[in-house]
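The numbers here are math on the coordinates, done by the rules we state, and not lab data. Bear in mind that the values here come from a model prediction, so they are computed numbers and not experimental data.
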Amino acid sequence: MSNFYPDHLIDLCHFMDIVPAVNQVETHVFFQQVEARKYMDELDVRHMSWGPLAEGKNGFFTNETLATIGAKHGKTGPQVALRYLLQRGVIVIPKSVHKERMAQNLQLFDFTLTYAEMTEILKLDTTQPVIMPSHHDPEITKMFMGFAPRG
Ligand SMILES: NC(=O)c1ccc[n+]([C@@H]2O[C@H](COP(=O)([O-])OP(=O)(O)OC[C@H]3O[C@@H](n4cnc5c(N)ncnc54)[C@H](OP(=O)(O)O)[C@@H]3O)[C@@H](O)[C@H]2O)c1
């Protein structure tokens, strides 16, 4: 399932016989979902990232912290950002229509970020979404539901 934040996730898990396996939520270095993740772990729901490259927002592809760490490993900033999520136990589904980028986005398993590097990337977290505005905004919910007033 997608975009279930802790309030709704707890509600859903409480009333379902089968707990959902995966919850896909906006997650990237600028919005790391540290709080929401605690509840997913508690409920035994796997955390999956949509927008793992922040859809390029906030200067993601030119971020200096990521590029500097990447240079030490012979990797790009995006690879560092994806590896960071993997090391935090997040499932990632980066999207690209370019074959070479798809290949680059898969080359994540031949290096490991150090504790110090992980700590540095943790500092990039703004704790706010950068792609999709709040899923708690009723106007956004109406938009998703294609909601039209009765009559
Ligand atoms: N459940 C939900 O509510 C939800 C919401 C949004 C998205 N999603 C899903 O999440 C997945 C990925 O998220 P997303 O597409 O929103 O964002 P994303 O993966 O964070 O970013 C995709 C963007 O990054 C570019 N890109 C990819 N790899 C790159 C690289 N190595 N170097 C430079 N640019 C690169 C892509 O351009 P090119 O394609 O031109 O390479 C595309 O513009 C998709 O499968 C999508 O369907 C789910």
Can you spot the lysines whose alpha carbon is less than 27 Å from LYS72's alpha carbon? Ignore those fewer than 8 places along the same chain.
LYS57, LYS95, LYS99, LYS123
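State the antiparallel share, in %, of DSSP beta bridges confined to region 3-151, rounding to the nearest 5.
On the way: 1 of 8 bridges.
Counting DSSP beta bridges with both partners in region 3-151, the antiparallel share is about 10 percent.
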Phi angles of region 61-66, converted by Karplus (6.51 cos²θ - 1.76 cosθ + 1.60, θ = phi - 60°) into ³J(HN,Hα) in whole Hz with x for Gly and Pro, give 6, 10, 4, 5, 4, 5
Per-residue HN-Hα couplings for region 111-126 [Karplus 6.51, -1.76, 1.60; θ = phi - 60°; Hz; x = Gly/Pro]:
8, 9, 7, 7, 4, 5, 5, 4, 5, 5, 6, 4, 5, 6, 5, 9
